[in-house]
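Comments concern the structure below.
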Amino acid sequence: MAQRFFFLFFLLISSLAFSQIGGNDYQKKYNSKRALTGGADGPSEQDMQLQFDESKKSSKLLDSVSIEMYKFYTVARDSSYVDTTLTIQKEYKVNFLRKDYFELLPFSNTGHAFNRLGYDFSKTELLSGLGARSKHTAYVEADQTLYYYVPTPLTELMFRTTFEQGQMANSTIAVNLSPQFNFAFAYKGSRSLGKYVHYRSANERFEFSFNYKSLNKRYVLLGHYANQSIENQENGGLNREAIILFKDHDPEFRDRSLLDVRIKTAENRLAGKRSFLDHNWNLVAPKDSVTTKILLGHRFLNESRYYNYTDTSPIDHYGDLVFGTNTINDFSRLRRTSNQIYTEFNTLYTGKLRAGISAVQSNYFFEIEEEGLTDEETLPGDPSQIETTQYLLNGDWKFQWNGFSMQALLQKSVGGTLLSDEISAQARYQFLNKTTVTGRASFRNQTPDFNFQLYKSNYEAYNWYNPDLENQKTLHFSLNLDHPWLGEVYAHWQQLNNYTYFNTTRFRPEDEDPVVDRESFLYVAPEEIYLAAPEQETNTLNYIKIRYSSEFKIRKFALTNTLQYQKVSGTSKTNTEEQVSQALNVPEWNLRTTLSYSSNVFKKAMFVQAGITGQYFTSYYADRYNPLLGDFSRQDQELIGDFPRLDFFINGRVQRTRLYLKAEHFNTLFMEPTYLSAPGYPYRDFVIRFGLVWNFFQ
């Protein structure tokens, strides 16, 4: 029903846009140089100035359009423009997520899971989510959707090779029907077979977004529709014998498909559909001499997402099956509807002050389909649904004066069974020499994700109901100092109370010893059993992170560095002479450096950038991946890390096309294979990959 309303509303606005300004009239009056002069609030009131006459429109259009006019922004009105330059930061972001992987450790196949090398709990989703957090790394949330404002049609194409029988492609098309109405289509598709048995990934995302501003500039509307799916075959990682063969560097097993895995018939999938609208009306008629705004607005979100784990021939790797079942089909779903009414007061002297109230309805439930069995017989003892309505007060304030800016945020639960509170403040000052200092503080009180509270599975050990979980509380302080040529120093301290996580409660059989196979006279290890369950840390955790980033250039050479130190203090779960496993584990050091050379070639027809990137993190008890939950669980049996990753790249730019060629992890050609992304899951071997990003400005 919500999707039908969404498309009906879009058709209505499209008709309104065409009725207010015709195609010929629009071309007669539209001055593209004024099309994008808005700042953080998106297109400004001057954006709609229509200045040139028809006789000179073509020449003026060509002379006045610049790349800075092709802008995009989020629902928070954080705007940026299309950037076609070739930099080291772009090199870091040409990947599956289109963002820097510095604190992420990808698995061997594109579009699979990511282990964590660092955290920032102050920026996670405030409301209780579906769970399956490893899958949500690639899931685009409502506040991440981009809205475009362009003077002429814009197209961006991205392509990159993957691992065995697959490709990855992203495409975005943004068009303006008039200065008042812009829309964009985005599609992302990725498929990769992977180097290991039963490890295929397939991901899709379709998104349609639009924004509209009336001719009198008093009514503003933006919205989007998104449909995305993240699907993976799951093999449970290499079994113990295969891990030994992998680490022994046996040449007969350079073909990774020969290594045996734990599971060969399981798959999981995260999928979601979302409709979103945000519109407001300015009570003050815009005039050149009046900058005051008093807005009344409404924000609507309707989303349904589900997580499904299936296995047609299950084994006892996750324990015993529920009585009467012989296949696995775990299906959890979250439906959420949110309505917010807000008002905004904006003046030159007070900044932008917004206040509102939200009603959020959440329905988390399990769809149980087991032929011949009732729900009580299949998954006994606990309910199969959590349904709640939350009422929240919302407020935020943004103020800017000369080089100083300030912003504050408040979200407070005033009704409902779940609590979701947040208060934060941030101040920033920029000195005359462009040095900036930013300080931030925040406090959060939030209910754990729904899959910590309730879970239903055809595996007996993966059924729980925890209605008495305490809220997780996070206190955050951070300081950022950014100097134009000395670099950037970022330090933060987070205090966690009632930290909620999955703990590995059992991995290997406790009562079974290896037996001797009489025919081969070899010791045969018993089957591995992997059990995990939610836990809350009763002790306070203090998490410190200090990061230094810099780039030093000497003529055509550049050295780009990122160094990060981390420490978690609390009561350890396991102590050894060298390492400690706690509820939250991170590597003490995480380092990355890139030595690059940049120059124009072919009579400046092409810009080339080549170099080597080295990455390293110290060993730590990295979380174990659990494909049944689509999440990670703490473990204390195996250290991960202490191996270098070296990549060689040659990138080029021809006009507005960027070409990327990389030899990933080439040091595996001459080093021992001790590299893992998680226990049982090897990191990527040496591979050569190609990609490109191409922008068209019609």
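So the values come out like this:
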item	result
Any hit, the range 152-173, residues being under 18 Å from the mean Cα position of the chain (by Cα), assigned to a loop (DSSP other than H, G, I, E, B) and either within 27 Å of ARG656 (Cβ to Cβ) or at pLDDT 95 or above (or both)	no
Inter-residue pairs, beta-carbon under 7 Å, first without any contact (Cβ under 8 Å) to a residue 24 or more places away in the chain and in the range 599-611, second of a type outside the set (A, V, I, L, M) and part of a strand (DSSP E or B), 6+ apart	ASN600/PHE607
Inter-residue pairs, beta-carbon under 6 Å, first more than 19 Å from LEU454 (Cα to Cα) and in contact (Cβ under 8 Å) with a residue 12 or more places away in the chain and in the range 315-337, second β-branched (Val, Ile, Thr) and part of a loop (DSSP other than H, G, I, E, B), 6+ apart	THR327/THR312
Options TYR490, TYR429; residue that is among the aromatic types (Phe, Trp, Tyr), under 30 Å from SER633 (Cα atoms) and surrounded by fewer than 18 Cβ atoms within 10 Å (Cβ to Cβ)	TYR490
Residue selected from the range 76-112 under the condition β-branched (Val, Ile, Thr) and touching a strand residue (DSSP E or B) at 6+ places or on another chain (Cβ under 6 Å), by the criterion surrounded by the most Cβ atoms within 10 Å (Cβ to Cβ)	THR110
Single residue of GLU376, GLU387 found to be at pLDDT below 90 and loosely packed, with under 14 Cβ neighbours inside 10 Å	GLU376
Selection within the range 326-346 - among the β-branched types (Val, Ile, Thr), over 30 Å from TYR219 (Cβ atoms) and in contact with a strand residue (DSSP E or B) (Cβ under 6 Å, 6 or more places away or on another chain)	ILE328
Condition met for VAL654 (without any contact (Cβ under 8 Å) to a residue 24 or more places away in the chain and β-branched (Val, Ile, Thr))	no
Condition check for ASP685: within 30 Å of LYS456 (Cα to Cα) and touching a helix residue (DSSP H, G or I) at 6+ places or on another chain (Cβ under 6 Å)	no
Hits in the range 656-698 - residues which are outside any loop (DSSP other than H, G, I, E, B) and closer than 24 Å to ASN235 by Cα	GLU664, THR668, LEU676, SER677, ALA678, TYR681, PRO682, VAL687
Residue list for the range 217-235, filter: part of a strand (DSSP E or B) and more than 24 Å from ALA138 (Cα to Cα)	TYR219, VAL220, LEU221
Verdict on PRO644 being farther than 23 Å from ALA532 by Cα, free of Cβ contacts under 8 Å to residues at least 60 places away in the same chain and touching a strand residue (DSSP E or B) at 6+ places or on another chain (Cβ under 9 Å)	yes
Subset tally (residues that are assigned to a strand (DSSP E or B) and over 10 Å from LEU392 (Cβ atoms)) for the range 411-426	4
Pairs with Cβ under 7 Å, 6+ apart, first in the range 384-410 and touching a residue at least 60 places away in the same chain (Cβ under 8 Å), second surrounded by fewer than 15 Cβ atoms within 10 Å (Cβ to Cβ) and not in a strand (DSSP E or B)	SER384/ASP375
Scope the range 589-615; condition in a strand (DSSP E or B) and aromatic (Phe, Trp, Tyr); matching residues	TRP589, TYR597, PHE607
Positions within the range 281-305 being surrounded by 18 or more Cβ atoms within 10 Å (Cβ to Cβ) and either closer than 18 Å to ASN268 by Cα or polar (S, T, N, Q) (or both), in sequence order	ASN282, ASN302, ARG305
Test result for LEU418, within 22 Å of ILE341 (Cα to Cα), within 25 Å of the chain's Cα centre (by Cα), at pLDDT below 95 and among the hydrophobic types (A, V, I, L, M, F, W, C)	yes
Members of the range 308-332 found to be surrounded by fewer than 17 Cβ atoms within 10 Å (Cβ to Cβ) and either of a type in the set (Val, Ile, Thr) or more than 12 Å from LEU628 (Cα to Cα) (or both), listed by number	THR312, SER313, ILE315, ASP316, ASP320, PHE323, GLY324, ASN326, THR327
Residue among ALA355, ALA359, ALA285, ALA271 that alone is touching a Gly at 6+ places or on another chain (Cβ under 6 Å) and of a type in the set (Gly, Ala, Ser)	ALA355
Residue list for the range 465-483, filter: part of a strand (DSSP E or B) and under 18 Å from SER384 (Cβ atoms)	TYR465
The lone exception for GLN144 - which of (1) surrounded by fewer than 20 Cβ atoms within 10 Å (Cβ to Cβ); (2) over 24 Å from ASN626 (Cα atoms); (3) touching a strand residue (DSSP E or B) at 6+ places or on another chain (Cβ under 6 Å) it fails	(3)
Residue count, the range 330-355 (criterion: among the β-branched types (Val, Ile, Thr) and touching a Ser or Thr at 6+ places or on another chain (Cβ under 7 Å))	1
Hey, PHE502 in a strand (DSSP E or B) and either in contact (Cβ under 8 Å) with a residue 12 or more places away in the chain or not polar (S, T, N, Q) (or both) or not	yes
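Conditions (1) within 14 Å of the chain's Cα centre (by Cα); (2) under 29 Å from ILE67 (Cβ atoms); (3) of a type outside the set (Phe, Trp, Tyr), marked per residue:
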{"site": "PHE96", "(1), (2), (3)": "yes, yes, no"}
{"site": "ASP100", "(1), (2), (3)": "yes, yes, yes"}
{"site": "LEU104", "(1), (2), (3)": "yes, no, yes"}
{"site": "LEU117", "(1), (2), (3)": "no, no, yes"}
{"site": "ASP120", "(1), (2), (3)": "yes, no, yes"}
{"site": "HIS136", "(1), (2), (3)": "yes, no, yes"}
{"site": "VAL140", "(1), (2), (3)": "yes, yes, yes"}
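Residues checked against (1) modelled with pLDDT of 95 or more; (2) surrounded by fewer than 17 Cβ atoms within 10 Å (Cβ to Cβ); (3) of a type in the set (A, V, I, L, M, F, W, C); (4) more than 27 Å from LEU157 (Cα to Cα):
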| site | (1), (2), (3), (4) |
| --- | --- |
| TYR565 | yes, yes, no, yes |
| ASN590 | yes, no, no, yes |
| THR594 | yes, no, no, no |
| SER598 | yes, no, no, no |
| ALA605 | no, yes, yes, no |
| PRO627 | yes, no, no, yes |
| ASP631 | yes, no, no, yes |
| PHE648 | yes, yes, yes, no |
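The values are calculated or read from the model by the stated rules, or taken from the named source; none is laboratory data. Everything numeric here is computed off the predicted structure, so don't read it as measured data. Note: ideal-geometry Cβ built from the backbone for every residue, glycine included; neighbour counts use all protein chains shown.
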